[in-house]
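J.: Have a look at the structure that comes next, please.
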Amino acid sequence: MERAYLTERPSTKIKGVEIDVPCGTECIMNGKFRELLNNEAFKSQLEVVDSLTDLINVQVATLRSKLEDIFSEFNANVDNLLYAIYRLVEYGGDVVIGSEIKFEERTLVSGDFNQLMRAYRKIEYSRRDSDIVSLCDEIRYLGEALWEHFNKNIAKSLTV
């Protein structure tokens with residue numbers, strides 16, 4: 001069971017930014033690896049996963065709130081904007097402006113030409129805003145820290 005868990009690396013996605021993180025206690029409890037929760041060392045390592053995942057979710061909610069404020073005057077899909085701004089900040093890329101503004105086939109903003117151009121400027125502003133960049137960086141770093149925790153501490157708790 002331990003070997004299968006370490007090989008499969010069960011994960012879940014953080015809603016909004018769509019990044020994979022290791023499964024926490026609830027995810028494990030509802031899956032085929034629930035028997036591993038009998039191992040107290042493993043269980044205590046999952047508490048760290050739960051805490052870091054909660055922290056990521058708080059940062060995602062803060063980012064979402066900032067974007068809601070910035071784009072409140074537009075016909076914007078905040079969920080798609082959240083995904084797009086996170087991806088633009090962390091990985092780069094561009095939006096496509098046509099009859100609406102899109103990123104990876106997700107519609108971000110719709111409206112007339114003037115609204116789209118104003119929204120585009122807000123997108124460009126957002127992807128360079130230091131507060132937004134910091135939130136995005138923190139989300140990415142915490143996600144990476146979770147996988148590092150999985151590779152070092154969780155794996156160790158199962159092999160001892």
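The values are calculated or read from the model by the stated rules, or taken from the named source; none is laboratory data. It should be emphasised that the depicted structure is a prediction, and the values quoted were computed from it without experimental measurement. Here the Cβ positions follow ideal geometry from the backbone for every residue, glycine too, while neighbour counts run over all protein chains shown. Surface areas here come from the heavy atoms of the whole protein model, side chains and all, with no ligands, DNA or RNA. Shrake-Rupley method; radii C 1.70, N 1.55, O 1.52, S 1.80 Å.
J.: From the set of residues in segment 92-116 that are of a type in the set (A, V, I, L, M) and open to solvent by 50 Å² or more (accessible area, probe 1.4 Å), which is nearest to ARG140 (Cα to Cα)? Full working, then the answer.
T.: Quick first cut of segment 92-116, residues of a type in the set (A, V, I, L, M) only: 95-97, 101, 108-109, 116.
From what's left, open to solvent by 50 Å² or more (accessible area, probe 1.4 Å): 96-97.
Values: VAL96: 24, ILE97: 27 Å.
Filtering segment 92-116 for residues that are of a type in the set (A, V, I, L, M) and open to solvent by 50 Å² or more (accessible area, probe 1.4 Å), the one nearest to ARG140 (Cα to Cα) comes out as VAL96.
J.: Taking only segment 123-160 into account, find how many residues are of a type in the set (A, V, I, L, M, F, W, C), more than 14 Å from the chain's Cα centre (by Cα) and within 22 Å of ASP79 (Cβ to Cβ). Even if it seems obvious, please write down each step before you answer.
T.: Step one: filter segment 123-160 for residues of a type in the set (A, V, I, L, M, F, W, C), giving 123, 132-133, 135-136, 139, 142, 145-147, 150, 154-155, 158, 160.
If we keep only those that are more than 14 Å from the chain's Cα centre (by Cα) too, we end up with 123, 150, 154-155, 158, 160.
Checking which are within 22 Å of ASP79 (Cβ to Cβ) leaves us with 123.
Matching residues across segment 123-160 total 1.
J.: Still on this structure: Give the residue, chosen from ALA4, ALA76, that is at pLDDT below 95 and among the small types (Gly, Ala, Ser). If you could, list the steps in order and put the result at the bottom.
T.: On the way: ALA76 fails: at pLDDT below 95.
Residue meeting the stated conditions: ALA4.
J.: Something else now. Out of (1) assigned to a helix (DSSP H, G or I); (2) open to solvent by 40 Å² or more (accessible area, probe 1.4 Å), the odd one out for VAL89 is which?
T.: (2)
J.: State all residues of segment 13-54 that are polar (S, T, N, Q) and not in a helix (DSSP H, G or I); if no residue qualifies, say none. Walk me through it before giving the result.
T.: At the first step, the residues of segment 13-54 found to be polar (S, T, N, Q) are 25, 30, 38-39, 44-45, 51, 53.
Selection gives ASN30, ASN39.
J.: Can I ask one more? Residue by residue through segment 1-27, note down the ones that are under 21 Å from the mean Cα position of the chain (by Cα) and more than 29 Å from TYR91 (Cβ to Cβ).
T.: Of all residues in segment 1-27, those under 21 Å from the mean Cα position of the chain (by Cα) come to 8-27.
Result: THR25, single match.
J.: In this structure, is SER126 small (Gly, Ala, Ser), within 24 Å of THR62 (Cβ to Cβ) and open to solvent by less than 50 Å² (accessible area, probe 1.4 Å)?
T.: Numbers: small (Gly, Ala, Ser): yes; within 24 Å of THR62 (Cβ to Cβ): yes; open to solvent by less than 50 Å² (accessible area, probe 1.4 Å): yes.
Against the criterion (small (Gly, Ala, Ser), within 24 Å of THR62 (Cβ to Cβ) and open to solvent by less than 50 Å² (accessible area, probe 1.4 Å)), SER126 qualifies.
J.: Please determine whether any residue of segment 56-73 is more than 30 Å from CYS27 (Cβ to Cβ), assigned to a helix (DSSP H, G or I), open to solvent by less than 70 Å² (accessible area, probe 1.4 Å) and out of contact with any Gly (no Cβ under 7 Å at 6 or more places or on another chain). Working first, answer last.
T.: Restricting attention to segment 56-73, the residues satisfying the condition of being more than 30 Å from CYS27 (Cβ to Cβ) are 69-73.
Now drop any that are not assigned to a helix (DSSP H, G or I), which leaves 69-70.
So of that shortlist, the ones also open to solvent by less than 70 Å² (accessible area, probe 1.4 Å) come out as 70.
Within this subset, residues satisfying the condition of being out of contact with any Gly (no Cβ under 7 Å at 6 or more places or on another chain) are 70.
Within segment 56-73, one or more residues are more than 30 Å from CYS27 (Cβ to Cβ), assigned to a helix (DSSP H, G or I), open to solvent by less than 70 Å² (accessible area, probe 1.4 Å) and out of contact with any Gly (no Cβ under 7 Å at 6 or more places or on another chain).
J.: More than 17 Å from the chain's Cα centre (by Cα), closer than 30 Å to ASP131 by Cα and among the β-branched types (Val, Ile, Thr) - does that describe any residue in segment 63-75?
T.: Yes, segment 63-75 contains a residue that is more than 17 Å from the chain's Cα centre (by Cα), closer than 30 Å to ASP131 by Cα and among the β-branched types (Val, Ile, Thr).
J.: Write out, first by first residue and then by second, each pair whose Cβ atoms fall under 6 Å of each other, whose residues are 6+ apart or on separate chains, and whose first residue, in segment 18-30, is modelled with pLDDT under 95 while the second is surrounded by 13 or more Cβ atoms within 10 Å (Cβ to Cβ) and assigned to a strand (DSSP E or B).
T.: Sorted first by the residue in segment 18-30, then by its partner, the pairs are CYS27/THR12.
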